[in-house]
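Engineer: Sharing a structure, written as structure tokens. Questions coming.
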Amino acid sequence: MNSPESELLELNQRLLDSIARGDWASYQEMCDPGLTAFEPEAHGALVEGLNFHYFFFDLRPRNTLHAQSTMIAPKVRVMGDAAVVAYVRLVQRELADGSPHTDAFAETRVWQRQHEQWRHVHFHRTALS
């Protein structure tokens, strides 16, 4: 049996992979409908719900998306039915001209155990220069 920490790391990577693939169905399945977030695209505002995120999934052309996310030095802290996963995320992708590009973000993702299943309930993402 996997530890809660390894289960959360695997689940978090699946979440990042769903974002990289533009897989809305998988992303939505892992997230609480009331998901809250602070992220660069929201310009400092607290975003609530999934509609804000759906816009970006819907915007991407599925057949041209080629990206991958890697968690660097992830730390997991489980506190009963809640957990925090913190790490630096490297997003590698191919630009329109075919050249490779990497972006880096400091991320903290909060998960909550709901009905025997971990659900993503909040995140904070900051772009690193």
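The values are calculated or read from the model by the stated rules, or taken from the named source; none is laboratory data. In this text, all values refer to a predicted model and were calculated from it rather than measured experimentally. All Cβ positions, even for glycine, are placed from backbone atoms using ideal geometry, and neighbour counts span all protein chains on display.
Engineer: Residue by residue through the range 1-39, note down the ones that are of a type in the set (D, E, K, R) and farther than 18 Å from VAL110 by Cβ.
Structural biologist: In the first step, residues of the range 1-39 are kept if they are of a type in the set (D, E, K, R); the result is 5, 7, 10, 14, 17, 21, 23, 29, 32, 39.
Those that are of a type in the set (D, E, K, R) and farther than 18 Å from VAL110 by Cβ: ASP17, ARG21, ASP23.
Engineer: Pull up the range 73-101, narrow it to residues that are at pLDDT below 95 and assigned to a strand (DSSP E or B), then point me to the one that is farthest from the chain's Cα centre (by Cα). Can you show your working first?
Structural biologist: Taking the range 73-101 first, the residues at pLDDT below 95 are 91-101.
This time we only want the ones that are assigned to a strand (DSSP E or B), so: 91-94, 100-101.
Working: VAL91: 11, GLN92: 14, ARG93: 16, GLU94: 19, PRO100: 21, HIS101: 19 Å.
Taking the candidates together, the pick is PRO100.
Engineer: Another question, if that's okay. Can you tell which of PHE52, PHE105 is surrounded by 14 or more Cβ atoms within 10 Å (Cβ to Cβ), aromatic (Phe, Trp, Tyr), within 19 Å of SER18 (Cβ to Cβ) and modelled with pLDDT of 95 or more?
Structural biologist: PHE105
Engineer: Name the single residue, out of those in the range 55-72 being of a type outside the set (S, T, N, Q) and part of a strand (DSSP E or B), that is modelled with the lowest pLDDT.
Structural biologist: Out of the qualifying residues, it is ALA67.
Engineer: When the residues of the range 114-129 are filtered to those that are in contact with a helix residue (DSSP H, G or I) (Cβ under 9 Å, 6 or more places away or on another chain) and of a type in the set (D, E, K, R), which remaining residue is surrounded by the most Cβ atoms within 10 Å (Cβ to Cβ)?
Structural biologist: For the range 114-129, the residue satisfying everything is ARG119.
Engineer: Restricting to the range 107-127, what's the tally of residues that are free of Cβ contacts under 8 Å to residues at least 40 places away in the same chain and out of contact with any Phe, Trp or Tyr (no Cβ under 8 Å at 6 or more places or on another chain)?
Structural biologist: Residues in the range 107-127 being free of Cβ contacts under 8 Å to residues at least 40 places away in the same chain and out of contact with any Phe, Trp or Tyr (no Cβ under 8 Å at 6 or more places or on another chain): 4 in total.
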